[in-house]
1. Just name the residue that is farthest from ALA25 (Cα to Cα) out of those in the range 95-115 that are of a type in the set (Lys, Arg) and surrounded by 13 or more Cβ atoms within 10 Å (Cβ to Cβ).
2. Would you confirm, using the coordinates I've provided, whether LEU85 is touching a helix residue (DSSP H, G or I) at 6+ places or on another chain (Cβ under 9 Å) and either assigned by TED's automatic domain parsing to the domain that holds GLY15 or under 19 Å from ILE40 (Cα atoms) (or both)?
3. Restricting to the range 162-179, give me the number of residues that are more than 12 Å from TYR133 (Cα to Cα) and either in contact with a Phe, Trp or Tyr (Cβ under 6 Å, 6 or more places away or on another chain) or basic (Lys, Arg) (or both).
4. Please state which of the following conditions ARG155 fails to meet, knowing it meets all the rest: (1) over 30 Å from ARG218 (Cβ atoms); (2) exposed (fewer than 12 other Cβ atoms within 10 Å of the Cβ); (3) of a type in the set (D, E, K, R).
5. From the list GLY210, GLY142, which one is surrounded by fewer than 14 Cβ atoms within 10 Å (Cβ to Cβ) and within 30 Å of TRP124 (Cβ to Cβ)?
6. Just to be sure before I move on: is ALA136 in a helix (DSSP H, G or I), free of Cβ contacts under 8 Å to residues at least 24 places away in the same chain and under 19 Å from the mean Cα position of the chain (by Cα) in the structure I sent?
7. Going by what's in this entry, would VAL171 be described as in contact with a Pro (Cβ under 8 Å, 6 or more places away or on another chain) and under 16 Å from VAL3 (Cβ atoms)?
8. Can you find a residue that is of a type in the set (Val, Ile, Thr), touching a helix residue (DSSP H, G or I) at 6+ places or on another chain (Cβ under 6 Å), under 21 Å from ASN148 (Cα atoms) and outside the structural domain of TRP153 (by TED's automatic domain parsing) anywhere in the range 1-21?
Amino acid sequence: MPVEFLTDEQAEAYGTFTEAPTRPALERFFFLDDDDRDLIALRRTDAHRLGMAVQICTVRYVGRFLGEDPLAVPWEPVEYLAGQLGIADASCVKRYAERRSTVYEHADEIQRRFKYRDFTDRKWGREFRSFLYGRAWTHAEGPVALFNHAVTWLRKNRVLLPGVSVLARQVSEARAAAERRLYEAVARATVRADAALAPALAELLVVPEGRRVSELERLRTPPVKSTGTAMVRAMERVEEISAFALGRVN
């Protein structure tokens, strides 16, 4: 499903392995601690032990389970995990997904054991929206940057990533709400400064007859030449903008 502010490549890379993890990433996200090993040890075959290890570390690294294809991971982390588990033949993991129900059962166990939350969880949904709307209000950044911060927050707080279009829609809604709040704040401050100022500023949005751009676009476009004539026009532009006395707006 296309997402308005993400490229196709960015949308496809969401919640997946785009490249093999670096050595520091392997050591951070694919090292099996005692809790990991305790859960893995309950499996009877090497294929199931290694497959569960891959799922544990996948959700830790990308923020979600890979579902239909739990083995859609680079070979380097598979070998790294096999080495820790003393499994000589890492290729045995290819048998892991033969029984689909096993994959989903393991994912459920991992989610419960390590306290991963569903995106639809009401408490964490409120926490996430509070973060997202707060960030949109306090930071002047584009939608892609906000989307990436949202992914980071969800991974950090062990909230499983939703579909890319679901998260993108929430990011768009948060930015729209922040923009409305900003416009309303500026409008109120403008009216308090001078009741005639708001209509005068709104007039700048009108494209005069015979022109191709609005007055606002003309005023916000700086000169492109360094000639004397261009300097005079630049000074005239400054004088026009100064006439609005926008410094009165708090």
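The values are calculated or read from the model by the stated rules, or taken from the named source; none is laboratory data. In this text, all values refer to a predicted model and were calculated from it rather than measured experimentally. Virtual Cβ from ideal backbone geometry, glycine too; neighbours counted across all protein chains shown.
1. Here the answer is ARG95.
2. yes
3. 3
4. Single failed check for ARG155: (2).
5. Only one candidate passes the filter, namely GLY142.
6. No.
7. So VAL171 passes the test.
8. Taking every residue of the range 1-21 in turn, at least one turns out to be of a type in the set (Val, Ile, Thr), touching a helix residue (DSSP H, G or I) at 6+ places or on another chain (Cβ under 6 Å), under 21 Å from ASN148 (Cα atoms) and outside the structural domain of TRP153 (by TED's automatic domain parsing).
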